[in-house]
Amino acid sequence: MSIRCTPSFRLALSCAAATVLAPAAFSQGLLPWNGQVIATNGDAVPGVPGAVFGGSSALDSGVLDDAGRVFFRGRMTGGGSTSLDERALFVGTSRADLQLVIRSGALEPTGTIPGATLNTATGIGISGSNRISGTGLMLFGATLFDGNVTVTTANDTLFYVGTPGNWQILVREGDPAVGTTGATYSSTFSSPSQQTTGLNGLGRAFFLSNLMGGDVVGTTNNVGLFSGTPGNLTLVARKGDVAPGGEILAGVASGFVTQMNASGQIAFDVSFVVGSGTTPVDATNDRALWLYTPGLGVQQLVREGDATPIPGVTYNHATATSWSVNAGSTALDGNGGMLLRVDLQGPGVTNGVDDMAIVRVSPVGQQVIVRRGDVVPGFSGITFDTFNNVSVLTNDSGTVAFQASLRGAVTTADDSATFIGTAGNWTMVVREGDATLGGGTFGSPSGRSHLLNGAGQLLMTLDIAGGTNAGSCLWSWDPSLGLQPQVVTGDQIEVQPTVFKLYGSQGGIQFSNGDVRPLSFASDGTYTTRVNFNDSTSAIVKSRLGSLYAAPTSISTTSGGTQSLYLNAGGANAGNTYFVLGSVSGTTPGFHFGSVLVPLNPDSFTLITLTYPNVGPFGNTLGTLDANGRALSTITIPPLSPGAGLTIDWAYIALDNLLNPTMASQSEKLIATL
């Protein structure tokens with residue numbers, strides 16, 4: 001079957017357009033409109049009758065797998081909960097399927113430590129800084145207690161890896177440390193740092209640990225970096241190790257640069273003992289970045305004092321002792337390349353003018369991505385000045401994002417901005433001083449949280465100065481939709497039917513999930529954040545960037561239900577007509593309607609959605625986009641409907657007043673289950 005921009009199709013659109021619905025009014029941010037509350041204060045706790053989420057710091061920020069499941073720690077009140085068991089870990093895609101993963105006070109879940117429970121003598125035993133990989137594998141830290149029978153303060157903390165009901169111990173305090181002679185792990189593993197731990201989709205993990213006993217000599221070799229799977233760990237590098245040039249490691253990951261990719265490679269910073277080595281180490285060459293590859297060992301990607309790709313220029317700082325390895329939270333790509341913010345020295349380098357750059361270093365070479373003093377594309381008389389360390393981000397597609405201060409034809413009110421793109425091809429995402437909502441202007445993005453996913457989308461915490469929306473807000477940038485507000489000061493979020501709460505602040509987790517994307521921001525645009533309200537309560541909320549977002553993604557044909565389709569065509573399509581179409585034949589190769597490719601394979605169901613908009617199960621599937629380019633459509637499946645096992649794909653077309661297509665959305669699914 002073929003659907004083209006034919007006169008008959010235009011006639012069908014024209015007839016249907018006679019019944020278009022007026023746009024509804026929505027909040028300024030997208031999150032209050034399309035966000036799904038996973039949990040909030042006062043919600044019933046699944047699996048604990050009579051308990052609700054509540055108490056001090058009731059909800060910790062969540063992390064997200066590729067299936068849209070949010071993993072977080074919550075506090076409960078009521079239901080007989082005590083100080084030993086009031087915290088638990090939860091996972092779910094929505095309120096409807098939220099489940100308790102494991103609860104403080106529970107029996108040790110592997111059964112290998114008889115009589116032990118997950119708590120201390122007086123308090124909880126489960127931490128909130130947990131991890132989840134893209135494939136849904138989880139990592140969390142815990143404390144054990146058994147009344148001091150076999151568990152002591154020397155062996156009472158550990159990391160677990162696995163899935164609900166299938167846990168394994170990754171590492172336990174006091175156990176023999178692999179790769180050493182008689183040393184034991186001596187770190188406290190009750191609360192893992194998300195910055196110095198990792199877990200990828202294949203189940204490979206890494207962690208840092210202090211060491212004691214055995215071959216440990218004072219502080220010369222008392223720290224190690226370990227990687228692997230439960231029961232199969234490897235010592236990656238250890239303080240005191242001797243490098244190929246005779247240099248002795250003075251520190252491993254002491255600069256907190258540790259990141260893993262999908263193949264299990266780990267990039268980490270090291271420092272050398274000054275005076276060690278065949279060529280004695282000094283203050284101008286005592287730091288480096290190493291890369292570990294499973295089965296191959298470690299290699300050096302770059303060292304202070306090395307030559308850069310710029311002739312005659314080396315990796316050094318004007319002050320000899322100040323050069324360091326600087327990287328953002330997702331700076332290691334899938335090929336073992338690492339994005340760094342570096343200082344430069346050498347002939348022709350002018351301090352304060354061109355002595356800084358962002359470079360990519362890898363096993364096969366190095367590339368300068370952007371340098372201080374380069375001209376900002378499209379802005380005559382403006383050059384890049386300094387680059388903020390924490391904003392240096394990349395993905396597996398080679399997209400780079402960074403924050404920079406600006407020099408030249410600027411003032412102190414507009415001298416910083418965020419950029420995205422590739423070397424020599426930069427897009428300015430947002431600039432300090434730009435006008436924004438409510439008569440305000442953007443503050444400096446420098447140092448503010450930025451998250452980049454595999455689709456080249458950004459989530460940014462930005463400040464608005466002045467106007468009616470002044471304060472800290474969450475914004476997004478999409479290659480097609482541009483800059484959009486997710487939640488801003490003054491927005492209200494519906495936490496229960498007809499119960500709205502005023503937004504105060506929010507926060508996600510920027511650290512890498514082990515597969516080259518942030519822990520709380522998936523590469524399909526789905527993200528989770530903890531929203532804090534002005535009444536001191538909070539909520540775990542999930543949403544998705546892009547032109548179309550569907551929730552829920554599955555409905556039981558037995559009980560029935562309604563799927564909401566959130567249309568987000570952007571301000572350029574404000575006032576345009578939209579038409580939601582469906583297909584049960586998949587999305588590839590799709591069909592062309594005029595100049596746009598609609599990601600649906602047309603079939604008889606497509607004709608049904610074309611012929612009967614706004615009728616029966618199709619709610620508001622034809623209408624007018626509001627002033628923000630948004631609309632809400634619904635698909636309702638009555639109880640006891642046929643079609644279990646069927647998958648329906650949706651997409652919409654936006655049309656101007658002459659019914660010429662201006663865009664086609666991405667596709668979303670509805671899976672009919674029993």
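The values are calculated or read from the model by the stated rules, or taken from the named source; none is laboratory data. Fair warning: this is a prediction, and the values are worked out from it, not measured in the lab. Note: ideal-geometry Cβ built from the backbone for every residue, glycine included; neighbour counts use all protein chains shown. Heads up: the accessible areas ignore ligands, DNA and RNA and are worked out on the full protein's heavy atoms, side chains in. Shrake-Rupley method; radii C 1.70, N 1.55, O 1.52, S 1.80 Å.
Worth pointing out:
- For GLY443, net neighbour charge (Lys/Arg +1, Asp/Glu -1) across residues whose Cβ lies under 14 Å away: -3
- Pairs of Cα atoms nearer than 8 Å and 6+ residues apart set the relative contact order; for region 502-622 it is 14 percent.
- Global geometry of region 508-574, whether rounded, prolate or oblate, following the gyration tensor of its Cα atoms and the 1.5 cut on a/c: rounded
- Radius of gyration, Dmax [region 416-473; alpha carbons; angstrom]: 12.2, 38
- For the chain, a crude dipole built from +1 on the beta carbon of Lys and Arg and -1 on the beta carbon of Asp and Glu, taken about the Cα centre, is about 840 debye to the nearest 20.
- Positive minus negative residues near GLY373 (Lys, Arg vs Asp, Glu; Cβ under 12 Å): -1
- Summing Lys and Arg as +1 and Asp and Glu as -1 over all other residues whose Cβ lies under 14 Å from the Cβ of GLY136 gives a net charge of -2.
- Stretched out straight at 0.36 nm per residue, the stretch from THR611 to VAL217 would grow longer than its current Cα-Cα span by 134.0 nm.
- Potential lengthening of the chain between ALA318 and SER83 amounts to 79.2 nm, from the contour at 0.36 nm per residue minus the alpha-carbon distance.
- Once the chain from VAL375 to GLN168 is taken as fully extended at 0.36 nm per residue, the excess over their C-alpha distance is 69.2 nm.
- MRE, 222 nm, helices only [DSSP H, n ≥ 4, -39500 (n - 2.57), over the chain, to nearest 500]: -1000 deg cm²/dmol
- Cα lying deepest toward the dipole's positive end in region 198-341, options THR279, THR314, VAL302, charges on Cβ: VAL302
- The figure for PHE419 is an accessible area of roughly 0 square angstrom, using a 1.4 Å probe on the protein chains alone.
- Top positive-direction residue, dipole computed over the chain with Cβ charges, set GLY198, GLY482, SER127: GLY482
- Cα gyration tensor category, rounded, prolate or oblate, for region 598-661 with a/c compared to 1.5: prolate
- At q = 0.15 Å⁻¹, base-10 log of I(q)/I(0) for region 468-560 (Debye sum, equal scatterers on each alpha carbon): -0.72
- Across every direction, the projection of the convex hull enclosing the Cα atoms of region 145-278 has a mean area of 9.3 nm².
- Cα gyration tensor, the chain - rounded (a/c under 1.5), prolate or oblate: oblate
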